[in-house]
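These notes are about the structure you will find just below.
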């Protein structure tokens, strides 16, 4: 019986490695040579793929354990697809579909190719951080539901990805330092898209990870080169290679074998190192060229050792910094401009021959009886969704919560959440905040549920009267993050995948200041793209946050809410609307196939709840569909849609001003219908349906009635209404940076107060 130790089967692994390299290069080549009617370059990153072939071969066919979840660097997707083909999870036709409509995506996509993708990657750095917070979510699941599923979260990361600030933002998060189920493997190929990376970057990266509490494992040089270091004069060789600038080393790798020696022993200033020349004098030109290219990230045995070392760590995350060569095994290896380069047909044919792939069998996997196929068949099963732990939570139809006569939508959210916390479904809710829990109305929830921490901590202020009690333990249900919006959104996405990754359907709710959505927008987009389901409560919003000024007043966020896919944006006016939207959203999170996330834009502005309609099933349905008619002027004496009628559409906190304007207009003989838009997003989406809901709100008998819309945000958020109905419209909103002032003064300054709404209506109606 063959040994199960991959180190005793290196010849088999090396054979698999060659086939992975070939199939990855071939799938990219095919994508760029198949029929292409528009002539656009297809691309595919052959060089970036090849640099991780050794690392991924060792991982998938040597070190991967059952239950491990892997986030592959985006530019290595052809390697991942080649591996999954050899594992039997893809067909050759799938490989031939790379970057084609309905085929394998350019970058690993859980949303588009869910059967083979554990975690989506794409935008640089985001995939690795998603894996990090998925590991954190699994720890949370273990603390609340018992032993979590076995397995690690492994991120394959390009070294240029570490230029992204969100990567280091995640490493600063306190809870990450104790994650023994987290491994990053960094492909240190010293090249980014445009350039060779700076000289001292490798050392800095190692120091930064170490300072963050990670176990750092470096794979710098291969065994052949290490053996030379151990010989007489070897330290001279090591010193020369390790002090060489990255660009000089890359140039050395590109030189013909006959020119490597002179370049190696000659310093940039032209001085020849005679001792070094003598130390490598016993090597042929070809052997010397091969030796200097012998880096640790392409030495399967050393990689397996490093993976074993990382696998033994239980108390902290690990990072393997593996030096590689971009374009390894290909004619364009180490070329500083190889990022977007593609092999020619002639180069592909030469590569096929060099890798031992028979002509006519380019797309074939290994025969079933081959040592390679038998080895692959003996590997652990790919990651699959773990079974559900316990029952799914049941979301109530109503909370029966009483709301004050004057209440803000933010206050209503806090009250509704507090009521949920007293119900069984509340056990599945986890709140997250980027250091703004107090000011986003989470105090009541935190007082009841506590703050989650991997280990209980004493509360040194327990005897001091406080509005919010900070009790940290493993039983807590609030995760407090630093002032780090990228972390918040990626954590929300990861916690929102807990059903798929850890067997427990968590209901994550994240709170932040509305204007700071833009600081984490890339992360929010990625969290949605990867399939996480969660609720974003953004508050306070708009210039209604009056004294705080333009730095804290959100203007463009409604447009973001409308534009983002997989998330629905609501901006309710009244307390009961907040409750209904929240309950509906929680049910949506549990619908793993069709459900969407929620962006809830709230305010601290107190609202007169008596302005709201009486509770009814019809009112609730209308709120969830996107809006309702608050004031109906059609039955008023003198109603004439052609001469004296106007529609006033308002969202959120602008409803009282709009009602006031309607009353003022009535006194002047103008009859105004007032519509409350609870979701501009829902109304806009509905326009693509066979019977838009907007046409139910505004009936045919009102055809031609002009519209004034008002929003505490950029006016374009509701500016589609007029064109959708084919009528004139004046869209009011905040189209400039905010500023400090009273709410009354700011509303007047930006033209969104009742007098401004009145003037706009009269302008539309004319003299």
Checklist line | Ranked 413, 209, criterion: other C-beta atoms within 10 Å, fewest first | finding: 209, 413
Item checked: Overall Cα dimensions of the range 570-643, principal axis frame, Å, largest first -> 51, 30, 22
Item checked: Pairwise centroid distance, computed over Cα atoms, of the range 176-217 with the range 463-529, Å -> 25
Check: Across 5 Å bins from the origin, how do the percents of Cα pairs in the range 612-765 run, short distances first?
Finding: 2, 10, 20, 23, 21, 15, 7, 2, 0, 0
Checklist line | Packing-based ranking, highest mean first, of 731-743, 222-234, 561-573 given that Cβ atoms within 10 Å are counted | finding: 561-573, 731-743, 222-234
Margin query: From the helices alone, meaning DSSP H stretches of at least four residues, give me the mean residue ellipticity at 222 nm for the chain, per-run term -39500 (n - 2.57), in deg cm²/dmol to the nearest 500.
Written below: -11000 deg cm²/dmol
Notebook entry, point to check: Of all DSSP beta bridges located in the range 612-765, what percent are antiparallel, nearest 5?
Noted result: 20
Margin query: At a 10 angstrom cut-off on C-beta neighbours, averaged per residue, how do the peptides 753-763, 318-328, 94-104, 194-204 rank from highest to lowest?
Written below: 318-328, 753-763, 94-104, 194-204
Next item on the list: Please sort 114-127, 625-638, 299-312 by packing, taking for each peptide the average over its residues of neighbouring beta carbons within 10 angstrom, highest first.
Entry: 114-127, 299-312, 625-638
Check: Against the longest principal axis of the chain, how steep is helix 201-211, in degrees 0 to 90 to the nearest 10, with axes from Cα atoms?
Finding: 60
Notebook entry, point to check: What angle do you read, to the nearest 10 degrees and between 0 and 90, between the alpha-carbon axis of helix 754-765 and the longest principal axis of the chain?
Noted result: 80
Next item on the list: Over the alpha-carbon set of the range 489-629, work out the extent along each principal axis and list the three values in angstrom, largest first.
Entry: 45, 40, 22
Margin query: At a 10 Å Cβ-Cβ cut-off, how would you order 145, 214, 184, fewest neighbours first?
Written below: 145, 214, 184
Check: Taking Rh as the Kirkwood radius, which is the inverse of the mean 1/r over Cα pairs, what is the Rg/Rh value for the chain?
Finding: 1.06
Item checked: Compactness relative to 2.2 N^0.38 Å, alpha carbon Rg of the range 223-292 -> 0.99
Checklist line | Over the range 268-359: Rg over Rh, Cα atoms, Kirkwood Rh | finding: 1.08
Check: Per residue and in Å³, how big is the convex hull formed by the alpha-carbon atoms of the range 124-248?
Finding: 123
Item checked: Cα convex hull of the range 1-60, projected area averaged across orientations, nm² -> 5.1
Check: What angle do you read, to the nearest 10 degrees and between 0 and 90, between the alpha-carbon axis of helix 77-86 and the longest principal axis of the chain?
Finding: 70
Check: Can you sort 607, 654, 188 so the residue with the fewest Cβ neighbours within 10 Å comes first?
Finding: 607, 188, 654
Notebook entry, point to check: Kirkwood hydrodynamic radius for the range 396-499: how many Å is it when counted over pairs of different Cα atoms?
Noted result: 14.8
Check: What share of all Cα pairs of the range 306-362, in percent, falls into each consecutive 5 Å distance bin?
Finding: 4, 14, 17, 14, 11, 11, 12, 10, 6, 2, 0
Notebook entry, point to check: If the range 293-419 were replaced by its equivalent ellipsoid, with semi-axes equal to the square roots of 5 times the Cα gyration tensor eigenvalues, what would those be, largest first, whole Å?
Noted result: 54, 23, 21
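All of the numbers you see were taken from the coordinates with simple rules; none came from a lab. If you're wondering where the values come from, they're calculated on a predicted model, not measured in any experiment. Every residue, glycine as well, gets a Cβ built from its backbone with ideal geometry; the counts of neighbours run over all protein chains shown.
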